[in-house]
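The block underneath contains the structure these notes are about, expressed in structure tokens.
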Amino acid sequence: MRPPPIQRSTAAPASAQGVRARIVGAFGRNYLADSGAGPAFPCVARGKRSDVVCGDEVLLQPGDPALILQVLPRRNVLWREDAWRSKVFAANLDLLLVVTAPEPSPNLDLVGRALIAARAEGIETLVLLNKCELPSGAALRQRLRPLESCGQALLELSARQQPQQALERLRPWLASRTCMLIGASGVGKSTLANALVPGLQAQTQALSEALNAGRHTTTSTRLWKLPGMPEGSALLDSPGFQAFGLHHLSVTQLQHALPELAARLGQCRFQNCTHRQEPGCVVREAVQAGGIDPERYALYLRVLEELLAPRH
């Protein structure tokens with residue numbers, strides 16, 4: 001189940017309610033906001049529980065720290081949810097950069113789930129095949145071809161070996177957009193982030209220490225302006241992780257979020273076909289005929305079983 005929505009009101013103009021700003025840093029219960037009138041500054045949320053995330057547009061009551069009065073309506077949110085907990089970790093994104101690599105062992109389940117989550121929210125996606133220079137890169141490239149055949153954009157990069165070339169390939173995608181890097185640990189996400197925002201790690205550590213949050217949080221996110229890029233170009237960096245639950249989706253959302261399934265919806269014998277064992281299922285027929293990749297179909301079945309399983 002989705003968490004209760006944040007109460008929002010747009011009855012009065014922002015200037016009558018508080019200072020409008022964007023959340024550009026989340027360190028546990030400490031935040032950084034950017035109002036466009038100077039450097040980012042600390043702010044806090046009201047109450048014991050906060051659903052504020054990086055990318056949120058908010059109204060603030062000035063102070064030291066400022067107080068978040070209200071979260072303005074979001075264009076989209078990116079979150080993951082398993083059987084035990086739900087976590088929203090970004091809002092108002094234009095592009096999700098999903099990073100994978102031949103080493104360590106590719107986690108294509110994570111890649112697929114991140115793409116599903118983004119598509120369900122209407123967020124554009126770009127898959128980055130990093131470390132493409134490695135000998136095992138060809139095998140991963142082959143495994144990613146089913147995504148390309150479904151219209152998924154893919155770029156091959158070598159962030160460590162050819163950082164300048166990687167930046168040049170990425171720049172057209174990042175211009176004037178709020179983008180987020182996501183990927184399993186070890187795929188080179190941090191290398192890419194540091195190439196795009198020089199000194200990022202040092203700046204993040206300094207902010208954590210300044211907010212006294214470094215010792216008390218296991219995760220943090222930060223939205224950085226991209227130097228040398230047009231106004232509005234920003235990168236959201238977050239820690240790597242290995243799992244991506246999708247329990248917040250409905251079965252219909254899942255089916256629409258997989259392009260190869262979405263293209264065949266309504267063509268099965270039964271309108272409520274789950275594409276598991278029903279007769280006259282065009283999805284299963286396409287899998288058997290080679291029109292749908294078996295790995296992608298297996299991903300659908302795994303996520304579907306999770307959605308249909310009893311909740312704790």
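Results, tabulated for the structure shown:
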read-out: Candidates Asp51, Asp64, Asp94, Asp56, filtered to the one that is at pLDDT 85 or above, over 20 Å from the mean Cα position of the chain (by Cα) and of a type in the set (Asp, Glu); value: Asp64
read-out: Identity of the residue in segment 31-68, of a type in the set (Ser, Thr, Tyr) and closer than 21 Å to Trp79 by Cα, that ends up surrounded by the fewest Cβ atoms within 10 Å (Cβ to Cβ); value: Ser50
read-out: Candidate set: segment 22-48, residues that are charged (D, E, K, R) and at pLDDT below 95; chosen: the one nearest to the chain's Cα centre (by Cα); value: Arg29
read-out: The lone exception for Tyr31 - which of (1) in contact (Cβ under 8 Å) with a residue 40 or more places away in the chain; (2) on the phi < 0 side of the Ramachandran plot it fails; value: (1)
read-out: Close pairs (9 angstrom Cβ cut-off, 6 or more residues apart or separate chains): touching a residue at least 60 places away in the same chain (Cβ under 8 Å) in segment 73-85, crowded, with 20+ Cβ neighbours inside 10 Å and aromatic (Phe, Trp, Tyr) anywhere; value: Leu78/Phe89; Trp79/Phe89; Arg80/Phe89; Arg80/Phe244; Asp82/Phe244
read-out: Answer residue from segment 67-116, given it is of a type in the set (Lys, Arg) and outside any strand (DSSP E or B) and is nearest to Asp34 (Cα to Cα) among those; value: Arg74
read-out: For Arg222: the one exception among (1) surrounded by fewer than 14 Cβ atoms within 10 Å (Cβ to Cβ); (2) at pLDDT below 95; (3) basic (Lys, Arg); value: (1)
read-out: Whichever residue in segment 174-202 is surrounded by fewer than 17 Cβ atoms within 10 Å (Cβ to Cβ) and in contact (Cβ under 8 Å) with a residue 24 or more places away in the chain and, among such residues, is nearest to Pro239 (Cα to Cα); value: Ser185
read-out: Residue that is farthest from Leu223 (Cα to Cα), among those in segment 90-106 that are out of contact with any helix residue (DSSP H, G or I) (no Cβ under 7 Å at 6 or more places or on another chain) and surrounded by 21 or more Cβ atoms within 10 Å (Cβ to Cβ); value: Ala101
read-out: Index of the failed condition, Arg113 passing every other in (1) surrounded by fewer than 20 Cβ atoms within 10 Å (Cβ to Cβ); (2) within 15 Å of Val303 (Cβ to Cβ); (3) among the charged types (D, E, K, R); value: (1)
read-out: Meets criteria (of a type in the set (Asp, Glu), more than 17 Å from Phe244 (Cβ to Cβ) and not assigned by TED's automatic domain parsing to the domain that holds Thr221) for Asp94; value: no
read-out: Residues (under 14 Å from Lys87 (Cα atoms), at pLDDT 70 or above and assigned to a loop (DSSP other than H, G, I, E, B)) located in segment 225-250; value: Ser238, Pro239, Ala243, Phe244, Gly245, His247, His248, Leu249
read-out: Subset of segment 266-312 that is touching a Ser or Thr at 6+ places or on another chain (Cβ under 9 Å) and not charged (D, E, K, R) - its residue that is nearest to Gly245 (Cα to Cα); value: Leu307
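To keep it simple, each residue is scored yes or no on (1) surrounded by fewer than 18 Cβ atoms within 10 Å (Cβ to Cβ); (2) in a loop (DSSP other than H, G, I, E, B).
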{"site": "Thr252", "(1), (2)": "yes, no"}
{"site": "Glu260", "(1), (2)": "no, no"}
{"site": "Leu265", "(1), (2)": "yes, yes"}
{"site": "Cys268", "(1), (2)": "no, yes"}
{"site": "Glu278", "(1), (2)": "yes, yes"}
{"site": "Glu285", "(1), (2)": "yes, no"}
{"site": "Arg296", "(1), (2)": "no, no"}
{"site": "Val303", "(1), (2)": "no, no"}
{"site": "Glu306", "(1), (2)": "yes, no"}
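The values are calculated or read from the model by the stated rules, or taken from the named source; none is laboratory data. Note that the structure is a prediction, hence the values are computed from the model and not measured. No Cβ is skipped: glycine too gets one built from the backbone with ideal geometry, and neighbour counts run over all protein chains shown.
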